[in-house]
2 protein chains.
Amino acid sequence: MKGVAAALIGIDWGTTSARAYRLDGEGSVQDTREAPLGVQQVRGDFAQAFATLLGDWLHEPVPRIACGMIGSRQGWLEVPYIECPAPLDAFARGLVRTPGGALAIVPGLAGRDDDGTPDVMRGEETQIIGAVGPDAPWSLAVLPGTHSKWAIVRSGAIQTFATYMTGEVYAVLREHSILGRMAEGSGRVFADAAFRRGVQRALTKTSSADTLLHRLFGARTLALRADLAAEDTGDYLSGLLIGSEVAAGRDWATWHGARDATVLLLGSRALCARYAAALHEAGIATVSGPEHAAARGLWRIAKAAQLVP
Amino acid sequence: MKGVAAALIGIDWGTTSARAYRLDGEGSVQDTREAPLGVQQVRGDFAQAFATLLGDWLHEPVPRIACGMIGSRQGWLEVPYIECPAPLDAFARGLVRTPGGALAIVPGLAGRDDDGTPDVMRGEETQIIGAVGPDAPWSLAVLPGTHSKWAIVRSGAIQTFATYMTGEVYAVLREHSILGRMAEGSGRVFADAAFRRGVQRALTKTSSADTLLHRLFGARTLALRADLAAEDTGDYLSGLLIGSEVAAGRDWATWHGARDATVLLLGSRALCARYAAALHEAGIATVSGPEHAAARGLWRIAKAAQLVP
């Protein structure tokens with residue numbers, strides 16, 4: 001345990017892993033602990049997993065707060081979604097405590113497409129709150145991942161967002177489709193040119209055959225016809241998918257008045273680098289979010305809920 | 001063996017299975033034999049698989065002709081692609097015999113998108129030739145499947161075509177993604193309303209979030225928010241994917257001058273029924289192709305090559 005007294009324990013508790021942060025009275029991260037105790041792994045005994053993750057931090061007399069899939073139907077307890085547009089206060093008011101009160105859980109966020117189809121996030125809302133200060137007039141945040149999120153923050157509230165299944169589609173195609181079988185052995189070195197070629201194809205609106213279902217097949221035919229090295233098809237596919245997301249997200253952001261906005265990228269360094277490259281190909285500038293965005297968001301929500309002074 | 005003398009043995013030899021047809025002097029199918037001896041299963045000893053498939057037909061002194069993946073790099077021998085536009089004669093001229101001459105193999109067909117990206121088919125060209133008579137002035141053929149094909153036939157030649165990975169993307173998402181896990185237990189009864197809802201969503205061009213990567217997530221969120229029964233998500237996903245293909249294929253066909261064309265559907269009855277429903281939702285009329293389209297195509301190519309009188 002560090003010398004500085006803790007003021008809050010925050011947990012970013014997702015599907016595959018959980019990460020705990022020990023924060024001081026200024027909201028600065030003093031220490032972190034991570035464990036493969038995601039909601040999918042734990043399946044039931046969350047109190048035990050909570051104790052395992054925190055270890056000796058469990059005995060510190062400070063409030064604890066968590067965000068992410070821990071608040072889903074498969075989590076410790078289901079916390080109702082907040083609806084867009086959602087200001088910081090709404091998340092603070094929506095906190096729900098586990099039985100016994102050991103942990104306060106941040107609600108997820110729900111929105112709707114133009115046609116009424118629902119969209120949801122759990123965990124990313126907290127990262128966005130952590131990365132976008134309450135005084136920021138405006139922001140377009142992109143959180144790459146299994147289910148990438150694009151979100152517009154305005155006047156201190158998350159106004160609207162859209163999810164893209166880019167990471168999951170990439171994973172299942174790489175692992176289980178004919179494209180993956182062709183790409184065997186690829187990915188050891190990042191094939192930058194192939195990645196950019198995929199991005200470019202996705203960004204180009206031709207008059208015909210202008211869809212992902214068709215373009216995916218190009219990853220196969222280019223290799224088959226010796227126009228792309230087989231070991232580069234994985235990164236070409238990655239570029240095609242991320243490029244498709246960027247093309248769609250750009251249209252979506254423009255529709256919501258965010259044309260020519262700089263994108264705030266939040267997520268793992270390697271994945272954000274790919275997104276930055278794809279966004280730059282699309283003529284969109286990017287800026288990296290702060291470290292420990294989730295911890296910062298948990299701190300802000302805890303402050304708004306007066307869990308910490 | 002049937003009483004009528006055989007004039008030709010034709011084989012539709014694909015990735016997972018092989019189907020042999022015994023044709024009489026009029027080109028009518030007298031008998032068929034099928035075996036799970038696809039190119040992926042055989043892996044090498046094709047002469048043995050050929051003998052197993054044909055059985056006592058092997059001793060009939062008639063020409064044999066095959067189409068499909070048997071002519072691919074992974075097949076018995078690689079037969080170079082014909083390039084679009086491809087008349088019947090080009091396939092006849094492009095026939096290649098296996099060593100020893102036991103079997104003549106039909107070449108596959110290659111085309112290019114507007115941006116130069118190659119596209120390929122092996123086997124479908126023969127079905128199209130069998131279904132579209134040489135005198136037909138015009139046709140838009142759709143062959144649903146793992147890798148669906150849309151093809152335009154004009155003046156007796158396959159002018160151009162486009163592949164959509166609809167079937168394979170459906171399969172990997174159903175078997176390996178979060179959407180499949182939600183849809184567990186579905187598919188026993190066809191959820192027609194959910195299928196049509198997916199199709200409608202895919203056909204609707206909204207001003208934002210108008211892409212498959214985003215819409216796929218709707219299969220999850222609709223169920224999560226109790227707006228779709230979990231057991232119906234499989235058919236909703238099917239509708240979303242087939243609808244996306246139809247929306248793209250319609251644009252593609254329009255671009256190639258085939259607006260308002262009636263679609264000739266070639267393939268399995270169950271899958272063609274889904275495509276017919278989706279095409280009708282898009283305002284496109286359909287007509288079913290003839291039975292044994294591959295056998296008819298093999299007969300026509302054999303005639304053009306003077307393998308049969």
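The values are calculated or read from the model by the stated rules, or taken from the named source; none is laboratory data. Remember, it's a predicted structure, so these values are computed and weren't measured experimentally. Cβ sites come from the backbone with ideal geometry, for glycine too, and all protein chains shown count toward neighbours. Heads up: the accessible areas ignore ligands, DNA and RNA and are worked out on the full protein's heavy atoms, side chains in. Shrake-Rupley method; radii C 1.70, N 1.55, O 1.52, S 1.80 Å.
Figures for the structure shown
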quantity: Pair list, Cβ < 6 Å and 6+ apart or interchain, from the range B:134-148 residues that are open to solvent by 20 Å² or more (accessible area, probe 1.4 Å) to residues that are assigned to a strand (DSSP E or B); calculated: B:138/B:154; B:147/B:163
quantity: Meets criteria (under 30 Å from residue B:16 (Cβ atoms), in contact (Cβ under 8 Å) with a residue 12 or more places away in the chain and either in a helix (DSSP H, G or I) or not aromatic (Phe, Trp, Tyr) (or both)) for residue B:195; calculated: yes
quantity: Qualifying residues in the range A:241-278 (those that are among the hydrophobic types (A, V, I, L, M, F, W, C), away from every other protein chain (no Cβ under 11 Å) and within 21 Å of residue A:189 (Cα to Cα)) - the one surrounded by the fewest Cβ atoms within 10 Å (Cβ to Cβ); calculated: A:270
quantity: Some residue of the range A:196-205 being out of contact with any helix residue (DSSP H, G or I) (no Cβ under 7 Å at 6 or more places or on another chain), modelled with pLDDT under 95, open to solvent by less than 20 Å² (accessible area, probe 1.4 Å) and within 7 Å of another protein chain (Cβ to nearest Cβ); calculated: no
quantity: Test: residue A:220 is facing chain B (nearest Cβ under 10 Å), of a type in the set (Lys, Arg) and within 25 Å of residue B:215 (Cβ to Cβ); calculated: yes
quantity: Test result for residue A:168, open to solvent by 10 Å² or more (accessible area, probe 1.4 Å), within 10 Å of chain B (Cβ to nearest Cβ), under 30 Å from residue B:40 (Cβ atoms) and without any contact (Cβ under 8 Å) to a residue 12 or more places away in the chain; calculated: no
quantity: Pairs, first within 11 Å of chain A (Cβ to nearest Cβ) in the range B:105-124, second surrounded by fewer than 23 Cβ atoms within 10 Å (Cβ to Cβ) and of a type in the set (Lys, Arg), C-beta under 8 Å, six or more apart; calculated: B:110/A:225; B:115/A:201; B:117/A:201; B:118/A:225; B:118/B:112; B:119/B:112; B:120/A:225
quantity: Any pair with Cβ under 6 angstrom, 6 or more apart, that starts in the range A:212-241 at a residue that is in contact (Cβ under 8 Å) with a residue 60 or more places away in the chain and part of a helix (DSSP H, G or I) and ends at one that is of a type in the set (Phe, Trp, Tyr) and open to solvent by less than 10 Å² (accessible area, probe 1.4 Å); calculated: A:238/A:195
quantity: Any hit, the range B:78-86, residues being among the charged types (D, E, K, R), buried (at least 24 other Cβ atoms within 10 Å of the Cβ) and at pLDDT 95 or above; calculated: no
quantity: Test: residue in the range A:166-181 that is aromatic (Phe, Trp, Tyr) and not in a helix (DSSP H, G or I); calculated: no
quantity: Residue that is in contact with an Asp or Glu (Cβ under 6 Å, 6 or more places away or on another chain) and either open to solvent by 30 Å² or more (accessible area, probe 1.4 Å) or at negative phi (or both), where the choices are B:48, B:30; calculated: B:30
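Conditions tested, residue by residue: (1) in contact (Cβ under 8 Å) with a residue 12 or more places away in the chain; (2) open to solvent by 20 Å² or more (accessible area, probe 1.4 Å); (3) among the hydrophobic types (A, V, I, L, M, F, W, C).
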residue	(1), (2), (3)
A:5	yes, yes, yes
A:10	yes, no, no
A:20	yes, no, yes
A:34	yes, yes, no
A:40	yes, yes, no
A:55	yes, yes, no
A:66	yes, no, yes
A:101	no, yes, no
